Amino acid sequence: MAKTIIFLGAPGAGKGTQAQRLSEEKGFIQVSTGDILRANVKNKTELGKKAKEYMEAGQLVPDELIISMIENELRKLEGKDIILDGFPRTVKQAEALEDLLKKLGRSLDYVILFDVSDEEVIKRITGRRIDPKTGKVYHVIYNPPPADVEVIQREDDKKEVVKKRLEVYHSQTAPLIDYYEKKGILVRIDASTDPNKVYEELIKVIG
Ligand code: ADP
Ligand code: AMP
C-alpha cells in the first residue's frame, strides 16, 4: 500500500528541507500546504485571494479551505507515497484527514515530529532564503546560495510575523503531538543537528 507520512513541527524546523531530499532520493511526493497556498496566492486564484491575508499575518488559513484543498491534491496522488509537509495543523484538520484517508483507501504510516527549540527555529526562519526560479531553500549562514543564484526572503519569514507564527504553532498545532502520541504513531526525531544527521535519523525510522 502507498505510504503516507506526516511531517509535524514548528515553522522552520526543517520539514521542507528533509521532504525535498526524501522525494529526490526515495521517490516520495512532497505535499506542502504552504507551497500550494503560495502558488494560489501568486496566481490570484479564488483560494489564493481568501488565504493571502491570513498568511501575511502569520495566522492559519481556515480549516474548511485547507481541507478541501488537500482533498483535491490527494485525489491526484492515488498509489503514490506521500509526505504531508505542514498539514495537518489543527485537530480539526487531523480528524478530517483520517476520514479522507479512509475514503481514499490509504493508511497513515508515521507522524514524524521534528524536535527543535524555538531559539533555533527563529535563527533558521529569519535566515531562510528561496530561489524563486526553482523553489530551492537556502539559509544565509547554514546553507548559503551559490553566487549566481538570486534569492528572496518570504514576507512571512520577517521577524515580526515569525513571532506570531510560533505562537500559532504552540497554541493550535502542538496539541497534535499529544493527539498522535495517544494513537501510538508519533516518532520524535532530533531536528537540531545538521541536515545530514536529521536525514539519517529519518531513514532509520521509515526504512
Ligand atoms: P520548514 O519546512 O520546517 O518550515 P525549512 O526546511 O524550510 O523548514 O528550513 C528552514 C530553514 O532552516 C531553511 O533556511 C533551511 O535551509 C534551514 N535548515 C533546514 N534544516 C536545517 C538543519 N538541520 N540545520 C540548519 N539549518 C537547517
Ligand atoms: P508554511 O510554508 O508551512 O510555513 O506555511 C505558510 C503559511 O501558510 C502558514 O503560516 C499558514 O498561513 C498557511 N498554511 C500552510 N499550511 C496550513 C495548514 N495546514 N492550515 C492552515 N494554514 C496553513
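Descriptive notes on the structure:
- Of interest is the spacing of the C-alpha centroids, which for segment 1-80 and segment 183-201 amounts to 20 Å.
- Choice from Asp178, Asp109, Asp85 showing the highest fluctuation, given a GNM over the chain with Cα pairs closer than 10 Å: Asp178
- As computed over the chain, the Cα convex hull volume per residue (Å³): 121
- Surface composition of the chain: carbon and sulfur atoms hold 50% of the protein heavy-atom accessible area at a 1.4 Å probe.
- Net lengthening on full extension, Ile141/Glu160 (0.36 nm per residue, minus Cα-Cα): 4.8 nm
- Per residue, segment 126-207 exposes an accessible area of 62 Å² to a 1.4 Å probe, with every protein chain left in place.
- FRET efficiency estimate (nearest 0.05) - Cβ-Cβ, Lys50 to Lys197, R0 45 angstrom: 0.70
- Set against the 2.2 N^0.38 Å expectation for a compact globular protein, segment 1-46 has a Cα radius of gyration ratio of 1.32.
- Rolling a 1.4 Å probe over the protein heavy atoms gives segment 25-85 an accessible area of 57 Å² per residue.
- Legend: residue pairs Lys123/Lys158; Lys26/Lys52; Lys50/Lys133; Lys159/Lys197; Lys76/Lys103, Cα-Cα distance threshold 22 Å; pairs beyond threshold, Lys26/Lys52; Lys50/Lys133; Lys159/Lys197.
- The gain in end-to-end length when the Glu73 to Ile152 segment is fully stretched comes to 25.8 nm, 0.36 nm per residue minus the alpha carbon separation.
- Size estimate for segment 73-126 follows the Kirkwood approach: the inverse of mean 1/r over distinct Cα pairs works out to 13.3 Å.
- Report summary: the helix-based calculation at 222 nm, which adds -39500 (n - 2.57) for every DSSP H run with n ≥ 4 and divides by the residues of the chain, gives -15000 deg cm²/dmol.
The values are calculated or read from the model by the stated rules, or taken from the named source; none is laboratory data. The shown structure was predicted, so the numbers you read here are calculated from the model rather than taken from an experiment. Note: ideal-geometry Cβ built from the backbone for every residue, glycine included; neighbour counts use all protein chains shown. Please note that ligands, DNA and RNA were not included when accessible areas were found on the heavy atoms of the full protein model with its side chains. Shrake-Rupley method; radii C 1.70, N 1.55, O 1.52, S 1.80 Å.
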